[in-house]
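Below is one structure; the comments refer to it alone.
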Amino acid sequence: MPLGFDDAARAELAAGGRRVAQAGLVVGSAGNLSLRSDDRVLISRRGVELDAMGPWDCVEVGLDGEVAADDDGRPSRPSSELPLHVAIYRATDAGAIVHTHSHYATVLGTITGELPAVHYTINQFGGPIRVARYECFGTEELATSVIQALQDRSGALMANHGSVVIAADIERATSKAILLEWLASVYYHAMLGGRPNILGESELDAVRERVRQLDYAGKAQR
């Protein structure tokens, strides 16, 4: 299998990994991320600690999971969550995926079935964020569970595990992973104080409309 990702793509994925680590979303090697280009996937290698990730820590595979021969001349294995990444790419139009074991997302995945609309920025994920049922890591069963939770959404919590987000590119995916953890933190701390006020669908629709108005206004001025 000839290689399909250039040095710039590898550097981009590595930078995304370091950003995720610097934001405190992973502990050690507990986290992975990937890019897609047509029928190819570039994913972090198994066991890499994202805070020190470099371009050499990227492994290229096909959507069938087959590792590209002699990838960068370095013997390495893709993340154990490769089945999850490949399944999401097959089921969605995502261009990038970030999976973390971030603290508050993981906590909520043990105590609730949904991260509700505690803040209007949840619209960036399509609405309240579902919790995928627990399945063992690295399995097709986990991939199926997460895909179900991602229906019409771009983020999901994973019961007793962590979180996953999808986006068009790695920069947006890492930004959304950071936002998801912030939303999880807000909801967790709000619950400690009592019963959080949750935004309804009409309120979320009003935010969507306001975003559209601002976008149209920006286009008219350009």
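Put a dot 7 Å past the Cα of Tyr120, heading toward its Cβ, do the same for Ala23, and the two dots end up 2.2 nm apart.
With helices defined as uninterrupted DSSP H runs, which ones in the chain have an alpha carbon span along their own long axis of at least 15 Å and mean Kyte-Doolittle hydropathy of at least -0.5?
Numbers: long enough: 7-22 (22 Å, -0.38); 170-193 (35 Å, 0.53); 201-221 (30 Å, -1.10).
TM-like helix candidates: 7-22, 170-193.
Listed values (i) 30, 24, 13; (ii) 36, 24, 16; (iii) 30, 21, 15 include one computed from this model; for semi-axes √(5λ) of the Cα gyration tensor in Å that value carries the label (iii). The residues Phe5, Phe137, when put in order of fewest to most other Cβ atoms within 10 Å, stand as Phe137, Phe5.
Can you give the calculated 222 nm mean residue ellipticity of the chain, where each DSSP H run of n ≥ 4 adds -39,500 (n - 2.57) and the sum is split over every residue, rounded to the nearest 500 deg cm²/dmol?
-12500 deg cm²/dmol
Computed over the chain with a Gaussian network model linking Cα atoms closer than 10 Å, the most mobile of Ile111, Ile147, Ile88 is Ile111. Report, in debye and to the nearest 20, how large the dipole of the chain comes out about its Cα centre when Lys and Arg carry +1 and Asp and Glu carry -1 on their Cβ. It comes to approximately 700 debye.
Taking the range 185-209 and a reference point 7 angstrom along Cα→Cβ of Thr110, the backbone N atoms nearer than 19 Å belong to 185-193. Each of Ala117, Ala91, Asn32 was scored by the projection of its Cα onto the charge dipole of the chain, and the greatest displacement toward the positive side belongs to Ala117; charges sit on the C-beta of Lys, Arg, Asp and Glu. Overall, the range 69-193 carries a charge dipole of about 300 debye about its Cα centre when +1 sits on the Cβ of Lys and Arg and -1 on the Cβ of Asp and Glu, all other atoms neutral.
Candidates Gly126, Leu150, Leu183 compared by Cα position along the dipole of the range 7-221: farthest toward the positive end lies Leu183, with charges placed on Cβ. Going by neighbour counts of Cβ atoms within 10 Å, the residues His99, His161, His119, His189 line up, fewest first, as His189, His119, His161, His99.
Please report the antiparallel percentage of DSSP beta bridges with both residues in the range 7-221, rounded to the nearest 5. Could you put the intermediate results ahead of the total?
Numbers: 27 of 29 bridges.
Restricted to the range 7-221, the bridges split so that about 95 percent are antiparallel.
Read-outs: derived from the displayed coordinates by stated rules, not from any lab. What you see is a predicted model, and the numbers here were worked out from it, not measured in a lab. All Cβ positions, glycine included, derive from the backbone under ideal geometry; neighbour counts span all protein chains shown.
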